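The values are calculated or read from the model by the stated rules, or taken from the named source; none is laboratory data. All of these numbers come straight from a predicted model, not from anything done at the bench. Every residue, glycine among them, receives a Cβ derived from its backbone with ideal geometry; neighbour counts consider all protein chains shown. Just so you know, the surface numbers come from the protein's heavy atoms only, side chains and all, with ligands and any DNA or RNA stripped out. Shrake-Rupley method; radii C 1.70, N 1.55, O 1.52, S 1.80 Å.
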Amino acid sequence: MAEISAKIVMELRGRTGAGMMDCKKALAAVEGDMEKAIDYLREKGLAAAAKKQSRIAAEGVVGSYVCKECKTGALVEINCETDFVAKTDKFLDLVREIAIQIVKKNPADVDELNAQAYYKDESTTISAMVTAATAEIGEKISIRRFARYEGGIVDSYIHMGGKVGVLVQADGVEETEVVDEVLHDVALQIAAASPVAPEYVRREEVDPKHLEHEKEILIAQARNEGKPEKIIEKMVAGRIVKFYKDVCVLEQAFVKDGEMSVQQMIDQKAKGLNIIRFTRYKMGDGLEKRVNDLAAEVAEQIGSMKK
């Protein structure tokens, strides 16, 4: 049997909210496989839902820039080493400039972005800018990921000072102040969603494999609850409706008025507005924060001095 470390138990707890002993038991049952352990806990009814990524584990900011005239917007995550630096004007200015670069120069990926000439000064590259910022600020800075939407109506929403960011694209109606307000509310909805963030715009877009996997989990849950086979199908059908409300933004209860869905809010205020797609970044998702062990560092330094 694979050894179950305290670290992996804590990670599973962070992703599911289940108790420590339940997490340890789940990992032992599936020989340490994290994804299988999540399914195990859900099947036993010990975790309502699982976060796709582990807890936030890096510092930095998610920033955005939207050019209304050119109908283009960008969302970018840039990481640094400490929360203190992430809040400084120099770092935030760098994030904004890189978001503008993405809008103006349309790089294919992070490598191409780093290699591009800076839109304000073609004698330097984005990579050189980041290197210079690293030297000036004194921390490693890196561009992690970005999204860029062009065409239609584009808006963004930055939540909690850059801890979460959303970029949304829509069409179907003429852009007006009211339409902009509605789209901004949709972006806010996606950013604020908790504990499960939406992954799709509408149910027709749900990945069939994702849906089938969810059904398998729900069937196992019902059986573990001792429900008769003849009613399990109906139970699962009802729970799949709840699943759609979790993962499809248009079916969620509107964050500003829980009496209506997001789609109903759109129909009421900007009928015809069609949400095409969105990107949601939660800063640090899937990255592991470095934990300094002072005693170990001192011991290592003393050891190197003796050599």
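When the residues of region 217-233 are narrowed to those that are assigned to a helix (DSSP H, G or I) and in contact (Cβ under 8 Å) with a residue 60 or more places away in the chain, which ends up farthest from the chain's Cα centre (by Cα)?
N224
For region 127-138, check the following and say yes or no: at least one residue is modelled with pLDDT of 95 or more and β-branched (V, I, T). Looking through region 127-138, none of the residues is modelled with pLDDT of 95 or more and β-branched (V, I, T). Contact map, region 239-251: first residue of a type in the set (A, V, I, L, M, F, W, C), second residue open to solvent by 10 Å² or more (accessible area, probe 1.4 Å) and assigned to a helix (DSSP H, G or I), Cβ cut-off under 6 Å, separation 6 or more or different chains; pairs are F243/E214; C248/R203; L250/Q263. Within this structure, E139 passes the test of being outside any helix (DSSP H, G or I), in contact with an Asp or Glu (Cβ under 8 Å, 6 or more places away or on another chain) and either on the phi > 0 side of the Ramachandran plot or open to solvent by less than 30 Å² (accessible area, probe 1.4 Å) (or both). Among the residues of region 138-180, those that are out of contact with any Cys (no Cβ under 6 Å at 6 or more places or on another chain), over 13 Å from V66 (Cβ atoms) and of a type in the set (V, I, T) comprise I143, V164, V173, T176, V178, V179. Can you tell me which residue in region 171-200 is modelled with the lowest pLDDT, limited to those that are under 20 Å from the mean Cα position of the chain (by Cα), surrounded by 17 or more Cβ atoms within 10 Å (Cβ to Cβ) and of a type in the set (A, V, I, L, M)? For region 171-200, the residue satisfying everything is A193. Scoring G73 on the criteria (1) crowded, with 16+ Cβ neighbours inside 10 Å; (2) part of a helix (DSSP H, G or I) leaves a single failure, condition (2). Filtering region 156-170 to residues that are outside any loop (DSSP other than H, G, I, E, B) and either more than 18 Å from K269 (Cα to Cα) or open to solvent by 20 Å² or more (accessible area, probe 1.4 Å) (or both) leaves S156, Y157, I158, H159, M160, G161, G162, V164, G165, V166, L167. Criterion applied to A115, A49, A99 was being at pLDDT 95 or above, on the phi < 0 side of the Ramachandran plot, open to solvent by 30 Å² or more (accessible area, probe 1.4 Å) and of a type in the set (A, V, I, L, M), and the one residue passing it is A115. Close Cβ contacts (under 7 Å, 6 or more residues apart or on different chains) running from residues in region 92-120 that are within 21 Å of G162 (Cα to Cα) to residues that are basic (K, R) comprise I102/R148; V103/R148; V110/R145. Taken residue by residue, region 149-167 has at least one member that is over 27 Å from D83 (Cβ atoms), touching a residue at least 40 places away in the same chain (Cβ under 8 Å), of a type in the set (V, I, T) and touching a Lys or Arg at 6+ places or on another chain (Cβ under 8 Å).
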